[in-house]
Amino acid sequence: MGNLLKAFSNPFYRTSSLEILLFFAGWGIWWSFFQIWLTTKQGFTGAQVGTIYTFGSAVALVLMFVYGSVQDKLGVKKNLLIFMVSCQVLLAPFFTWVYVPMLESNFYVGAMVGAVYLSVAYLAACPVFEAVTERLSRRYRFEYGQARAWGSLGYAISALTAGFLFTINPYLVFWTGSAVSAVLLAILVFLKPENSEANVQQYENREERNKDAKSPSLKEIISVFGILDLWKIIIFVILSWTFYTVFDQQMFPEFFTRFFATPEEGQQAYGVLNSVQVFLEFIMMSLVPILMRKIGVRRALLLGCLIMVCRISGCGIASTPLGIALIKLLHAPETALFVLAIFRYFTLHFDTRVSATLYMVGFQIAASVGGIIFSVPLGSLRDSIGYQHTFLLIAGIVLCATVYAFLILKKDDQDVAGQPLEN
């Protein structure tokens, strides 16, 4: 409790936590039901849903490198966040009057236009919010995991609310998303603790400030593509986190709702399950930094992979909604371990001045490449052999990725080129 009160006394922690909470709340209110909306309300097949996700991954892939490069040049400035959130405010008008009519008149054109908007406003924005929060945590002395946890809480509250709004009228989730984004935009524009000299004097880490002052050149940013160790991580992410994304976003929502008597009952149950799971993720995001200091970054990442294998394979074996729901809750420790450990791995073994670009390329873009490669084939496979057999296949691939990670991941005291671990 003492540590929590100390964290809240830091205005940079409070502001960053509120911003990331509202971002995930505004995204989760509709994104958690996007696959159900596409299949049950718009009537698309698994292959068509896979196409929509593939287009989104393709556009986000390019955009995330651009966003990462821009943010590394900006340092801790939030100009890019303000632009993205301004686009998020337009969510409901876009879905209501642009996206749905275009999908109905020409599916592929609509899917591409939707991919551009969703990537600009959300898919490529998420890692920027995380990267900015992580950079601020080093600059102004607070724990990144504790701040990121508030994003999970925001998503949990939204997922619970969305389950009920969606059954009343699906478009309510989009309009609520726009409203939350409008609040976030106002906070980004008007709430600036860095404008107070007293705040800066008390909380700023001058060593990190000096690092940020040496903004990386475009050549240094592009040079990350020449780092062999980064490519090893990219392969690992493609064969692991990609399948987490495909499983969770493209397949699990409708799979779970099929176990209920009516679609509405299933959608409400999924909303409750999703919110409970993400609330547990909120708790785990606060606890994992402590665990990571005990067992190390490498072991935390490997543990996250093993939990992923158990969760996905478990859903392929379980046959009751209660069993599947309990297995799904493993998502909480899995996500917290993987996301926090992979970010810390980059800041531990690589130059922190290009941390946003490294995170985009090595984690987010890698996952997008995997999404492009696997979304449509796995959607078609689901159409032909069913959900549960597809889940078992995915779990087998992630198990192979875990063995590969054990062989290629550096130990925590090996090649420390970034911020060393605390003793």
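The values are calculated or read from the model by the stated rules, or taken from the named source; none is laboratory data. What you see is a predicted model, and the numbers here were worked out from it, not measured in a lab. Cβ coordinates were reconstructed from backbone atoms using ideal geometry, including for glycine residues, and neighbour counts include every protein chain displayed.
Some observations on this one:
- Meets criteria (surrounded by fewer than 21 Cβ atoms within 10 Å (Cβ to Cβ), free of Cβ contacts under 8 Å to residues at least 12 places away in the same chain and farther than 30 Å from LYS214 by Cβ) for LYS6: yes
- LEU302 falls short on exactly one of the conditions (1) touching a residue at least 60 places away in the same chain (Cβ under 8 Å); (2) buried (at least 24 other Cβ atoms within 10 Å of the Cβ); (3) not β-branched (Val, Ile, Thr), and that condition is (2).
- Residue satisfying all of: in the stretch 56-71; of a type outside the set (Gly, Ala, Ser) and surrounded by 24 or more Cβ atoms within 10 Å (Cβ to Cβ); nearest to the chain's Cα centre (by Cα) among these: MET64
- Members of the stretch 180-221 found to be free of Cβ contacts under 8 Å to residues at least 12 places away in the same chain and either surrounded by 14 or more Cβ atoms within 10 Å (Cβ to Cβ) or of a type in the set (S, T, N, Q) (or both), listed by number: ASN195, VAL200, GLN201, GLN202, ASN210, SER217
- Neighbours by Cβ (under 6 Å, 6+ apart or cross-chain): first from the stretch 19-44, surrounded by fewer than 24 Cβ atoms within 10 Å (Cβ to Cβ); second modelled with pLDDT of 95 or more and among the basic types (Lys, Arg): none
- Options CYS315, CYS310: the member that is out of contact with any helix residue (DSSP H, G or I) (no Cβ under 6 Å at 6 or more places or on another chain) and assigned to a helix (DSSP H, G or I): CYS310
- When ILE373 is tested against (1) of a type in the set (A, V, I, L, M); (2) out of contact with any Phe, Trp or Tyr (no Cβ under 8 Å at 6 or more places or on another chain); (3) modelled with pLDDT of 85 or more; (4) surrounded by fewer than 24 Cβ atoms within 10 Å (Cβ to Cβ), only condition (3) is not met.
- Cβ-Cβ contacts under 6 Å between residues 6 or more apart (or on different chains), taken from a first residue in the stretch 336-360 that is under 17 Å from ALA147 (Cα atoms) to a second residue that is among the aromatic types (Phe, Trp, Tyr) and in a helix (DSSP H, G or I), are listed as ILE342/PHE363.
- Subset of the stretch 256-271 (residues that are under 27 Å from HIS389 (Cβ atoms) and surrounded by fewer than 21 Cβ atoms within 10 Å (Cβ to Cβ)): ARG258, PHE259, PHE260, ALA261, THR262, PRO263, GLU265, ALA269
- A single member of PHE247, PHE259 is closer than 17 Å to ILE327 by Cα and either of a type in the set (S, T, N, Q) or touching a Pro at 6+ places or on another chain (Cβ under 9 Å) (or both), and it is PHE259.
- Helices (runs of 4 or more DSSP H) (entirely within the stretch 1-111) containing at least 2 residues that are in contact with a Gly (Cβ under 6 Å, 6 or more places away or on another chain): 11-31, 46-74, 100-105
- ALA47 being at pLDDT below 95 and either among the hydroxyl-bearing types (Ser, Thr, Tyr) or more than 18 Å from the chain's Cα centre (by Cα) (or both): yes
- Failed item, numbered, when LEU326 is tested on (1) crowded, with 17+ Cβ neighbours inside 10 Å; (2) over 27 Å from ALA131 (Cα atoms); (3) without any contact (Cβ under 8 Å) to a residue 60 or more places away in the chain; (4) not hydroxyl-bearing (Ser, Thr, Tyr): (1)
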